[in-house]
1. For the pair S152 and T275, how long in nm is the line joining their label points, each one 7 Å along Cα→Cβ?
2. Accessible area of the chain with a 1.4 Å probe: how many percent of it is carbon plus sulfur?
3. Hey, can you find the accessible area per residue of region 280-436 for me, probe 1.4 Å, expressed in square angstrom?
4. Which loop trypsin sites (Lys or Arg not before Pro) in region 3-78, with loop taken from DSSP, have no more than 13 other Cβ atoms within 10 angstrom of their Cβ?
5. Just to verify a number: FRET efficiency for D137 and D412, C-beta to C-beta distance, R0 = 51 Å, to 0.05?
6. For an R0 of 56 angstrom, estimate the FRET efficiency from the Cβ-Cβ distance between Y199 and D295 and round to the nearest 0.05.
7. I'd like the distance separating the alpha-carbon centroids of region 212-235 and region 241-259, in whole Å.
8. For region 121-273, treating each Cα as an identical point scatterer without solvent, what Debye log10 I(q)/I(0) comes out at q = 0.09, 0.15, 0.18 1/Å?
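The values are calculated or read from the model by the stated rules, or taken from the named source; none is laboratory data. In this text the structure is predicted, and so the values were computed from the model without any measurement. As a convention, Cβ positions derive from the backbone with ideal geometry for all residues, glycine included, and neighbour counts pool all protein chains shown. Surface areas here come from the heavy atoms of the whole protein model, side chains and all, with no ligands, DNA or RNA. Shrake-Rupley method; radii C 1.70, N 1.55, O 1.52, S 1.80 Å.
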Amino acid sequence: MSETARILLDFDGDRRDAHAYEQAGGYASLRKAISMEPADVVAQVDASGLRGRGGAGFPTGRKASFLPKDRRPAYLCVNADESEPGTFKDREIMLRNPHALIEGVLIMSYAIGATSAFIYIRGEYRTEFEVLRRALDDARSRGYVGLNVLGSGYNATVVLHRGAGAYICGEETALLSSLEGERGQPRSKPPFPAVAGLYAAPTLVNNVETLAAVPFILEMGAEAYAALGTERSKGTRVFSLSGNVRRPGNYELPLTSTLRDLIEGHGGGAPEGRTIKAIIPGGSSTPILLPDQLDTGIDYESIAAAGSMAGSGAIVVIDDRTCMVQLALRVAEFYRHESCGKCTPCREGTRWGVDIIRRIEMGEAAQGDLDLLLNVCDRILGKCLCPLGDAMAMPVASYVTRFREEFQRHIDEGGCPFTETSPIASLYHDHAGAPA
């Protein structure tokens, strides 16, 4: 299939209406699934090579197979708490193609033997919540959700639950705690959710894009879907392109494409007269890449080999006007604010990171502060209950490592040399260059 291949967004306008979705073949995969053995549905998803599109990239079929078959009830939870800065793909899927998500939820619920599913949606997504609510009502009225789905004897309940704006609830165990009415904080693992998740029962947690792809896998066949990608990264993926680029937006591409295909081919490249300085390849929590890495593939393995992570599929382009110290400070401030405070390395480390970077940006840093900052990042990495601490430490360490001369210049010159040009300078400096 060509570089413009699309599955989830292969239409103009939207398919909010159930009738429009059915006219395009919607819910045929659900009919097919409930005529199969549940284990065979899981096997089809596994054979397709579909990997989680939320960030971890774990094989979806294998994850579903981990649920013990002798313990019931089991639950399916949809992580629609899309909070990673730079990411807005799940939002468009829910807005324009909500029935694809609902059908995927029903198919995977049937496959794991769950009769109750929960869609945990980001609280700020009010419009998308209303779209999903109406779509669920349509699906119930047509017999896709509720008792005796399509006369099969299978019962399916789908609950739509709004979050309250906490980034930490994008972490699967914090999401489950929030669903249970507890404070949204991560849990120790093991046990993993597949064994003891929601209400201590076996639980499958997947994100929106992952589940929305399932109906198309059953429609196309696992082999056809797998043929779209690389040997280990199968299918298509929706990428959120933003930052200093001419045509930002969501682009669905097969995983055989490159960063250059996306940024220059679809996004039009950097604004006129500007050059690319750096690329965030998987959301704000991922280490940056440099412009000489534009020919890196957008599959999971290629981005990992380049020194970063595919993450949530959010690709942010940074041009030559941007101060990397200001960017590091902005990223660190976000994760400090969103830390739940449960882990000492994250709670204290993110605060230390912000304090040091702010000193560098304001011209108040000592010569040893760069090494101190890297030391703080090292003391966070891999030492927390969840990846939030790492989400601050990894990108900040990469900014320092790859643009150390720029950080050092701030220290040597006693201030920021980019206050007149950097797009985010106004967050930290007034027009005279003084601290804001």
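1. 5.7
2. After summing per-atom areas, the C and S share lands at 49 percent.
3. 40
4. For trypsin sites (Lys or Arg not before Pro) across region 3-78 that sit outside H, G, I, E and B with at most 13 neighbouring Cβ atoms in 10 Å, the list reads K69, R71.
5. E(calc), rounded to 0.05, equals 0.25.
6. After rounding to 0.05, the efficiency reads 0.70.
7. 20
8. Per q value, in the given order, log10 I(q)/I(0) is -0.45, -1.16, -1.29.
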